[in-house]
Amino acid sequence: MRDFPRADDADGLPSESVPTGTTWHGRATNRAQWLLSASGAAFLALGIELAVDSSWMHGIVPLAMSVVGCVAVGLLVIFGTLAFVHVAVKVDDHALEVRCGHIGLPRRRIPLSHVVGAELDPRVTPRQWGGWGYRWRPEQGMAVVVRRGEAVVLRLGDGRTFTVTVDDAAGAVREIRRRCGM
């Protein structure tokens, strides 16, 4: 993943200072990810239960392996799924910015000067990309897929593509094309 530096406005302030009236915002949410994070919480609880109620007769090593395994799987599932419960997309005069999850990570910022084309794909599915999340496929490029449905597909100047599922993807494509003069 390659991020580009933040663009500055003429007055030297970061682009976040652009008024919201000139910025397009979109989101997409996948509520099924909450179920997966609940299973991660169950694994985490199982690991804690094994550690607290350690009446194992087979020794400390199998117990430690079980506890560490359950806790690790639980934490990975929880954080891995919560990072892709929703995606927020912002298009301003300088860039398209994609933020995932509640803390905004992973994040991708693509300057509009690097965009040579913007298209609407009405039928993106996680199956096309190998699942939910931040994805890379050599023949397709990179994508942030949080649900099935419409997506923005950007063609970049270096020949790569970037796809992101978002509600009102057609509005995002119109806004990107307008700002890029396409």
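The values are calculated or read from the model by the stated rules, or taken from the named source; none is laboratory data. All values derive from a computational prediction rather than experimental measurement. Using ideal geometry, Cβ is built from the backbone for each residue, glycine included, and neighbour counts are taken over all protein chains shown. These area figures cover heavy atoms from the full protein model, side chains too; ligands, DNA and RNA do not enter into them. Shrake-Rupley method; radii C 1.70, N 1.55, O 1.52, S 1.80 Å.
The rows are residues; the columns are (1) in contact with a helix residue (DSSP H, G or I) (Cβ under 7 Å, 6 or more places away or on another chain); (2) β-branched (Val, Ile, Thr).
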position	(1), (2)
135	yes, no
155	no, no
162	no, no
173	no, yes
Residues of the stretch 47-96 satisfying the condition of being under 22 Å from the mean Cα position of the chain (by Cα), assigned to a helix (DSSP H, G or I) and of a type outside the set (Phe, Trp, Tyr):
72, 73, 74, 75, 76, 77, 78, 80, 81, 82
Looking at the stretch 65-76, can you tell me whether even one residue there is open to solvent by 50 Å² or more (accessible area, probe 1.4 Å), at pLDDT below 80 and over 23 Å from residue 135 (Cβ atoms)?
yes
Take the conditions within 15 Å of residue 80 (Cα to Cα), out of contact with any His (no Cβ under 9 Å at 6 or more places or on another chain) and buried (at least 17 other Cβ atoms within 10 Å of the Cβ) and apply them to residue 133. Does it pass?
yes
Among the residues of the stretch 97-111, the number that are open to solvent by less than 10 Å² (accessible area, probe 1.4 Å), under 23 Å from residue 33 (Cβ atoms) and touching a Leu at 6+ places or on another chain (Cβ under 8 Å) is 1
Single unsatisfied condition, residue 21 versus (1) at pLDDT 75 or above; (2) assigned to a helix (DSSP H, G or I); (3) open to solvent by 40 Å² or more (accessible area, probe 1.4 Å)
(1)
Kindly indicate which of 152, 146 is surrounded by 16 or more Cβ atoms within 10 Å (Cβ to Cβ), over 16 Å from residue 110 (Cα atoms) and touching a residue at least 60 places away in the same chain (Cβ under 8 Å).
146
Out of curiosity, is residue 165 polar (S, T, N, Q), in contact (Cβ under 8 Å) with a residue 60 or more places away in the chain and crowded, with 17+ Cβ neighbours inside 10 Å?
yes
What is the one condition in (1) buried (at least 16 other Cβ atoms within 10 Å of the Cβ); (2) over 28 Å from residue 34 (Cβ atoms) that residue 116 does not satisfy?
(1)
Show me the strands (runs of 3 or more DSSP E) entirely contained within the stretch 106-162 in which 3 or more residues are out of contact with any Ser or Thr (no Cβ under 6 Å at 6 or more places or on another chain).
107-111, 115-124, 133-137, 149-156
Quick count over the stretch 170-182, residues being in a helix (DSSP H, G or I) and over 14 Å from residue 90 (Cβ atoms), is 6
